[in-house]
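So the structure is just underneath, and the comments pick up after that.
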Amino acid sequence: AQSVTQLGSHVSVSEGALVLLRCNYSSSVPPYLFWYVQYPNQGLQLLLKYTTGATLVKGINGFEAEFKKSETSFHLTKPSAHMSDAAEYFCAVLKTSYDKVIFGPGTSLSVIP
Amino acid sequence: GAGVSQSPSNKVTEKGKDVELRCDPISGHTALYWYRQSLGQGLEFLIYFQGNSAPDKSGLPSDRFSAERTGGSVSTLTIQRTQQEDSAVYLCASSFGMGLTDTQYFGPGTRLTVL
């Protein structure tokens, strides 16, 4: 069965520091991969997604993620954290276009001034 | 509309009562999804609609849960005989395209509390 793990339920970084949120998936075939962000008291918003093609995907707000098949990973990065990046981040995987989306447990990002 | 809307935003009910949660998708979106977000857990996929039909209902936690969509627009998620473990935020999303890889736009959710 598909599963998604996110290492670290809480991550704290200093403002201006690198953001690295980890995501690993289990799949026998390359899946479709997503990162969503949930700001306090708001719904989820798509940050970026990988379907096919280039393995380095750029998203909104300066975030990017790289699909590494050999490591079954899709880690999310941002070179310089901003206070407004504080939110919950969810990695999600979809095995085929008509399968269920499986979400990871989420990582709460705090940005320290 | 401007985005996905859900009502009510908060619902407090007593154990054993039935509740209905409503989702208004973005106009023109053919696909609609329901998720449950429980405290300390990730998002749990419940069901999705393509038009008015639901190809996959296996995500519904029990037969107390049902959902319908009429007119290819508004959807209602009904929970019968609510239990305390049903307490969660119920999120709705919609997408324009037919496949689950199409970008899903989420509503703000309905926070359900079962006493």
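The values are calculated or read from the model by the stated rules, or taken from the named source; none is laboratory data. This is a predicted model, so every value here is computed, not measured. Please note: Cβ atoms are built from the backbone with ideal geometry, for glycine as well, and neighbour counts cover all protein chains shown. Remember, those area values only see protein heavy atoms, side chains included, never the ligands or the DNA or RNA. Shrake-Rupley method; radii C 1.70, N 1.55, O 1.52, S 1.80 Å.
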Set A:K100, A:K49: member being within 11 Å of another protein chain (Cβ to nearest Cβ), assigned to a loop (DSSP other than H, G, I, E, B) and closer than 30 Å to B:L60 by Cα: A:K100
Residue among B:L91, B:L46 that alone is crowded, with 18+ Cβ neighbours inside 10 Å and closer than 21 Å to B:A2 by Cβ: B:L91
Members of segment B:13-29 found to be open to solvent by 50 Å² or more (accessible area, probe 1.4 Å) and not in a loop (DSSP other than H, G, I, E, B), listed by number: B:E20, B:R22
Residue count, segment B:27-45 (criterion: touching a residue at least 40 places away in the same chain (Cβ under 8 Å) and under 14 Å from the mean Cα position of the chain (by Cα)): 9
For A:N41: the one exception among (1) within 14 Å of chain B (Cβ to nearest Cβ); (2) out of contact with any Phe, Trp or Tyr (no Cβ under 7 Å at 6 or more places or on another chain); (3) over 19 Å from B:W34 (Cα atoms): (3)
Exclusive hit being within 11 Å of chain A (Cβ to nearest Cβ) and of a type in the set (A, V, I, L, M, F, W, C), set B:F106, B:F49, B:F96: B:F106
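When you look at A:V93, is it at pLDDT 90 or above and within 14 Å of another protein chain (Cβ to nearest Cβ), yes or no?
Details: at pLDDT 90 or above: no; within 14 Å of another protein chain (Cβ to nearest Cβ): yes.
So A:V93 does not fit the description; no.
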Filtered residues of segment B:46-74 (kept if closer than 18 Å to B:L91 by Cα and either acidic (D, E) or touching a helix residue (DSSP H, G or I) at 6+ places or on another chain (Cβ under 7 Å) (or both)): B:D56, B:E68
Count - residues of segment B:30-43 that are more than 8 Å from chain A (Cβ to nearest Cβ), among the small types (G, A, S) and buried (at least 16 other Cβ atoms within 10 Å of the Cβ): 1
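Name the residue that is modelled with the highest pLDDT, counting only residues in segment B:41-73 that are assigned to a loop (DSSP other than H, G, I, E, B) and touching a Ser or Thr at 6+ places or on another chain (Cβ under 9 Å). Reasoning before the result, please.
Of all residues in segment B:41-73, those assigned to a loop (DSSP other than H, G, I, E, B) come to B:41-42, B:51-52, B:57-64, B:70-73.
Checking the rest, the ones that are also touching a Ser or Thr at 6+ places or on another chain (Cβ under 9 Å) come to B:51-52, B:57, B:60, B:64, B:70, B:72-73.
Details: B:G51: 86, B:N52: 87, B:K57: 80, B:L60: 91, B:R64: 97, B:T70: 86, B:G72: 82, B:S73: 91.
Per the criteria, the residue is B:R64.
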Members of segment A:60-97 that are at positive phi and either assigned to a loop (DSSP other than H, G, I, E, B) or open to solvent by 50 Å² or more (accessible area, probe 1.4 Å) (or both): A:N61, A:T72
Matching entry among A:L7, A:L18 (being within 14 Å of the chain's Cα centre (by Cα) and either within 14 Å of another protein chain (Cβ to nearest Cβ) or under 17 Å from A:S108 (Cα atoms) (or both)): A:L7
Filter result (touching a Cys at 6+ places or on another chain (Cβ under 9 Å), at pLDDT 85 or above and of a type outside the set (S, T, N, Q)) within segment A:1-60: A:V4, A:L7, A:L21, A:R22, A:C23, A:Y25, A:L33, A:F34, A:W35, A:Y36
